[in-house]
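Before any comments, here is the structure.
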Amino acid sequence: MEMVVSAIAGDLVNRFISFLINKHESHANLDKKVERLQQLLLRVHMVIEEAEGRYITNSRMLLELKRLAEAMYQGYHVLDTIKYKALCSSRDEKEVSSSSNTLSLSNSIKCFHTNSTNCFRTTRSTTTIFHDLDSVLKNLETMVSNMTEFVLLVGGCERMPRSPYDTYLYIDNFMFGRQVEKQQIMNVLLQENIPPFAPTVLPIISTNRVGKKTLVAHVCNNDRVKSHFPFILRLKGESIHKTEHGAFIPTGRTLVVVEFTSDIDDVSWQKFYSTTRRMGKGSKIIIISRIESVSRLGTIRPMHLNSLSLEEYSYLFKVLAFGSTNPDDHPRLSLVASELAVLMGGSLVVANVCADIFRKNQNLQFWQHILNKYRNFLADNLSVFCEHPKLLIERDRPVDIAKLVSSTSAPLRLMPPHCEDDDSTRDLPKVRYGDLIAGSVVPPKEKFELVGWESRIPPYKKYVNVAMFSGEVNVSEHVVSPCKKRIRFS
């Protein structure tokens, strides 16, 4: 009997020792893979940065550049996932442990593009982390091994002049991403028309507030484009009838940018287009709109701008939030920023607002306080409206921002944004959105204007909303049916 017990005990000890060895080998293997991922990301990032500083006219090279960028942001996202999963596993980090639920690569992307809240509760497993890491490593290894020709071709492309705010410290002063799309638009503009005096029409279509006008403004501000087009004319779709008799139409080579907020009938468009034929040889027309049917007016294939992917959006938000501070020196702050990036749903306006207040106060308790506010705000709107606030704003519906304000419990409706030149709101009290979220101001009791974000780059737009306590206005025509089941985040 004693021999049997001794044998069983010995077997258990051997299994335990084997478990410890395997666990050690697993961690050692993970460390090696993480180190390899960091090396690959450094190489790919170096090539992308160099390529984005060149004039690339080859369409296949631009597609390859886009693929490299996507793989790079996925790699950074997985790297963050591994770092912050380890941080959340520590007993000393209980206050941020819930954040690990939102860092799954697959689940975060699902959450980023849908209204489902289940992705906020999904817990990462070590197996899933290894799978994501292996997948990203394999993809990057393949790309790096096939990158030689791309690097040689990039080296033969003309270098762009560098501007002072193309540096890391001033990233909030220039357009993040969209470099491939910018090059594609420039290639269209600098090509000859066929036939010569029929202006090429390029429609650029996307939903609201993803950067259409910013992208076009950057293209128009490029030295090559400005020297190629002596005249750059910007028109509203509603005013193109004024040009039917040649008014305001230059006779030299001209770039016309037309923004449509509503559809236009074919007869009106043809009248306008026939007028533009009087412009100089090589003239071009860019159409900006969120209306898909407007793409029929193009003479070439339309460009569709999508929202930034979760990986790219998260990377952008952390760069904006940390400014010149290295995120690796503040892993707990990085963890908060990663979760908030998922919750914000891809809104560029909200990202800039939150990043601005984070940059001014890089304190963990403050960041966690803002994160908790946004969690409650998101849960409240999903419960009442059954949609993410970003989607509500895109559909011109109000959202309730009361949970973002510490000083009130009454519903505080944020109405859809309007243009800053709207005369109807000029006399209203003005409050900055960031100050309201940070708790440094108390909202007025009457209707007021909420200044969300003032862009520092062309076209220097100011994003403004009207906010009011719901008792002062009937918003029933804007509100969808409430959910039957209240949604909570665990």
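Between Lys32 and Asp329, what FRET efficiency follows from the Cβ-Cβ distance if R0 is 30 Å, with the result rounded to 0.05? Present the calculation step by step, with values, prior to reporting the outcome.
Values: r = 24 Å, r/R0 = 0.79.
Efficiency for this residue pair is about 0.80.
How many percent of the accessible area of region 188-291 is carbon or sulfur, using a 1.4 Å probe? It would help to have the intermediate numbers written out before the result.
Working: 2610 of 4740 Å².
Solvent-exposed carbon and sulfur of region 188-291 make up 55 percent of the total.
Residues with amide H under 5 Å of Gly280's amide H, sequence separation 5 or more or different chain, H placed in the peptide plane at 1.01 Å from N; which?
So Gly280 has HN proximity to Gly252, Arg253, Thr254.
Between Ile194 and Leu152, with labels modelled 7 Å along Cα→Cβ, what's the label distance in nm to one decimal, could you check?
2.9
With each pseudo-label sitting 7 Å past Cα toward Cβ, what's the Val442-Arg301 distance in nm, one decimal?
5.9
Provide Rg and Dmax in Å for region 340-403, with only Cα atoms included in the calculation.
12.1, 35
Excluding ligands, DNA and RNA, what is the solvent-accessible area per residue of region 290-360 at a probe of 1.4 Å, expressed in Å²? Present the calculation step by step, with values, prior to reporting the outcome.
On the way: 2490 Å² over 71 residues.
With all protein chains present, region 290-360 gives 35 Å² per residue.
Give me the net charge of Ala467's neighbourhood, meaning all other residues with Cβ under 9 Å from the Cβ of Ala467; Lys, Arg count +1, Asp, Glu -1. All intermediate terms of the calculation are to be shown ahead of the outcome.
On the way: positive: Arg413, Lys447; negative: Glu449.
Taking every Cβ under 9 Å from that of Ala467, the sum is +1.
Holding the Cα-Cα limit at 30 Å, pick out from Lys213/Lys445; Lys373/Lys430; Lys360/Lys390 the pairs that are longer than that. Walk me through the intermediate numbers first.
On the way: Lys213/Lys445 34 Å; Lys373/Lys430 22 Å; Lys360/Lys390 25 Å.
With Cα atoms farther than 30 Å apart: Lys213/Lys445.
I need to check one value: relative contact order of region 325-381, counting alpha carbon pairs closer than 8 Å and at least 6 residues apart, in percent. Don't skip to the answer; put the middle values down first.
On the way: 20 pairs, mean separation 23.4, N = 57.
It rounds to 41 percent for region 325-381.
In whole angstrom, how far apart do the alpha carbon centroids of region 55-73 and region 277-340 sit?
Using only Cα atoms, the two centres lie 15 Å from each other.
Would you tally the net charge around Thr251, using a Cβ to Cβ cut-off of less than 13 Å, leaving Thr251 out, and scoring K and R as +1, D and E as -1?
On the way: positive: Arg253, Arg277, Arg278, Lys281; negative: none.
For residues surrounding Thr251, the net value is +4.
Taking the C-alpha atoms of region 178-304, how large are the radius of gyration and the largest Cα-Cα span, Dmax, in Å?
Cα radius of gyration and Dmax of region 178-304 are 13.4, 38 Å respectively.
All other residues with a Cβ under 14 Å from the Cβ of Leu308 taken together, and with Lys, Arg as +1 and Asp, Glu as -1, what is their net charge? Don't skip to the answer; put the middle values down first.
Details: positive: Lys66, Arg178, Arg209, Lys212, Lys318, Lys390; negative: Glu70, Glu181, Glu311, Glu312.
Taking every other residue near Leu308 into account, the sum is +2.
The values are calculated or read from the model by the stated rules, or taken from the named source; none is laboratory data. Remember, predicted model here, so these are calculated numbers, not experimental data. All Cβ positions, glycine included, derive from the backbone under ideal geometry; neighbour counts span all protein chains shown. Just the protein is used for accessible areas: all its heavy atoms, side chains included, with ligands, DNA and RNA removed. Shrake-Rupley method; radii C 1.70, N 1.55, O 1.52, S 1.80 Å.
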